[in-house]
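A.B. asks: The structure's right below; bear with me while I get my questions together.
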Amino acid sequence: AQSVSQHNHHVILSEAASLELGCNYSYGGTVNLFWYVQYPGQHLQLLLKYFSGDPLVKGIKGFEAEFIKSKFSFNLRKPSVQWSDTAEYFCAVNPNNQGGKLIFGQGTELSVKP
Amino acid sequence: SQTIHQWPATLVQPVGSPLSLECTVEGTSNPNLYWYRQAAGRGLQLLFYSVGIGQISSEVPQNLSASRPQDRQFILSSKKLLLSDSGFYLCAWSTNGPFYGYTFGSGTRLTVV
């Protein structure tokens, strides 16, 4: 079945550690890709998105993600995390043949220890 | 600017009671509207989406229904709630046309007891 998979359910890091959250999808054809973040007690916010062009996209707060088409992946990275990055992170895919529907991964909870 | 309102923020309902959650969007016309349910460890599940008044598409069979009586109003309903309907319900909108992603509402925490 077509899906979006986030490999890590819960990641615990110390401040200044590097972060990489995995995201793979199984849709063929053209896709738009997104990462959303949900800070504790807040609603979902867009972190970054990829539609076309440079496969390395930069988002807010120092996050970036790389689209690797051959691997059907869109991993999220940050060189040095901060305690304020503690949140839940969701990868989402918009298959171009499905209008405005976003298919989300299961989410990854990131805990950053001060 | 566009805003999205969702209410109530929290709701506790007994099993078998009806449900009505409302979502309204301001500052845009003819939006695409969506209802998602967020369950711990299971991400966000698309329940319904609508591309226009009276047009509802259901993604999963369930005890819930949706309606769009006005252009910027999207309602999630149930005639008889089940315990399994407990969860966090999110409304979202996107532009009708080029897709740039969603804007989410603040959500409703529903607990069925």
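A.B. asks: Just checking, does the stretch A:33-43 include any residue being more than 23 Å from B:ASN32 (Cβ to Cβ), at pLDDT 95 or above and within 13 Å of another protein chain (Cβ to nearest Cβ)?
C.D. replies: No, there is no match, as no residue in the stretch A:33-43 is more than 23 Å from B:ASN32 (Cβ to Cβ), at pLDDT 95 or above and within 13 Å of another protein chain (Cβ to nearest Cβ).
A.B. asks: Among the residues of the stretch B:31-90, what is the count of those that are part of a loop (DSSP other than H, G, I, E, B) and either within 14 Å of another protein chain (Cβ to nearest Cβ) or within 12 Å of the chain's Cα centre (by Cα) (or both)?
C.D. replies: First, the residues of the stretch B:31-90 that are part of a loop (DSSP other than H, G, I, E, B): B:31, B:40-42, B:53-54, B:59-64, B:71-72, B:79-82, B:86.
Going one step further and asking which of them are either within 14 Å of another protein chain (Cβ to nearest Cβ) or within 12 Å of the chain's Cα centre (by Cα) (or both), we end up with B:31, B:40-42, B:59-60, B:64.
Result for the stretch B:31-90: 7.
A.B. asks: Name the residues in the stretch A:33-50 that are crowded, with 17+ Cβ neighbours inside 10 Å and not basic (Lys, Arg), would you?
C.D. replies: Of the stretch A:33-50, the ones crowded, with 17+ Cβ neighbours inside 10 Å are A:33-38, A:44, A:46-50.
Correct list: A:LEU33, A:PHE34, A:TRP35, A:TYR36, A:VAL37, A:GLN38, A:LEU44, A:LEU46, A:LEU47, A:LEU48, A:TYR50.
A.B. asks: Give the residue that is nearest to the other protein chains (Cβ to nearest Cβ), with candidates limited to residues of the stretch B:96-113 that are in a loop (DSSP other than H, G, I, E, B) and surrounded by fewer than 16 Cβ atoms within 10 Å (Cβ to Cβ). Break it down stepwise before answering.
C.D. replies: Taking the stretch B:96-113 and keeping what is in a loop (DSSP other than H, G, I, E, B), we get B:96-102, B:105-107, B:113.
Keeping just the survivors that are surrounded by fewer than 16 Cβ atoms within 10 Å (Cβ to Cβ) gives B:97-98, B:100, B:106, B:113.
Details: B:GLY97: 9, B:PRO98: 9, B:TYR100: 8, B:SER106: 5, B:VAL113: 23 Å.
If we take residues in the stretch B:96-113 being in a loop (DSSP other than H, G, I, E, B) and surrounded by fewer than 16 Cβ atoms within 10 Å (Cβ to Cβ), then B:SER106 is nearest to the other protein chains (Cβ to nearest Cβ).
A.B. asks: Can you pull out every residue in the stretch A:1-37 that is in a strand (DSSP E or B), without any contact (Cβ under 8 Å) to a residue 60 or more places away in the chain and more than 20 Å from B:PHE99 (Cβ to Cβ)?
C.D. replies: A:GLU20, A:ASN24
A.B. asks: Also, I was wondering about something else. Just one of (1) within 27 Å of B:TYR34 (Cα to Cα); (2) in a strand (DSSP E or B) trips up A:VAL112, so point out which.
C.D. replies: (1)
A.B. asks: Filter the stretch A:54-66 down to the residues that are part of a strand (DSSP E or B) and in contact with an Asp or Glu (Cβ under 9 Å, 6 or more places away or on another chain), then identify the one that is surrounded by the most Cβ atoms within 10 Å (Cβ to Cβ). If you could, list the steps in order and put the result at the bottom.
C.D. replies: Within the stretch A:54-66, the subset part of a strand (DSSP E or B) is A:56-58, A:64-66.
Imposing the further condition that a residue be in contact with an Asp or Glu (Cβ under 9 Å, 6 or more places away or on another chain) reduces the set to A:56-58.
Details: A:LEU56: 11, A:VAL57: 19, A:LYS58: 10.
So, considering only residues that are part of a strand (DSSP E or B) and in contact with an Asp or Glu (Cβ under 9 Å, 6 or more places away or on another chain), the one surrounded by the most Cβ atoms within 10 Å (Cβ to Cβ) is A:VAL57.
A.B. asks: Every residue in the stretch A:38-52 that is farther than 16 Å from B:PHE88 by Cβ and either assigned to a strand (DSSP E or B) or within 12 Å of the chain's Cα centre (by Cα) (or both), please. Walk me through how you get there before you give the answer.
C.D. replies: Step one: filter the stretch A:38-52 for residues farther than 16 Å from B:PHE88 by Cβ, giving A:46-52.
If the condition is that a residue be farther than 16 Å from B:PHE88 by Cβ and either assigned to a strand (DSSP E or B) or within 12 Å of the chain's Cα centre (by Cα) (or both), then A:LEU46, A:LEU47, A:LEU48, A:LYS49, A:TYR50 are the ones that fit.
A.B. asks: From A:THR108, A:THR86, which residue is of a type in the set (Ser, Thr, Tyr) and under 10 Å from the mean Cα position of the chain (by Cα)?
C.D. replies: On the way: A:THR86 fails: under 10 Å from the mean Cα position of the chain (by Cα).
That would be A:THR108, the only listed residue that is of a type in the set (Ser, Thr, Tyr) and under 10 Å from the mean Cα position of the chain (by Cα).
To keep it simple, each residue is scored yes or no on (1) within 14 Å of another protein chain (Cβ to nearest Cβ); (2) surrounded by fewer than 21 Cβ atoms within 10 Å (Cβ to Cβ); (3) closer than 20 Å to B:GLN45 by Cα; (4) not polar (S, T, N, Q).
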residue	(1), (2), (3), (4)
A:SER52	yes, yes, no, no
A:LYS71	no, yes, no, yes
A:PRO79	no, yes, no, yes
A:ASN94	yes, no, yes, no
A:LYS101	yes, yes, yes, yes
A:GLY107	yes, no, yes, yes
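The values are calculated or read from the model by the stated rules, or taken from the named source; none is laboratory data. A quick note: this is a predicted structure, and the numbers were derived from the prediction, not measured. Using ideal geometry, Cβ is built from the backbone for each residue, glycine included, and neighbour counts are taken over all protein chains shown.
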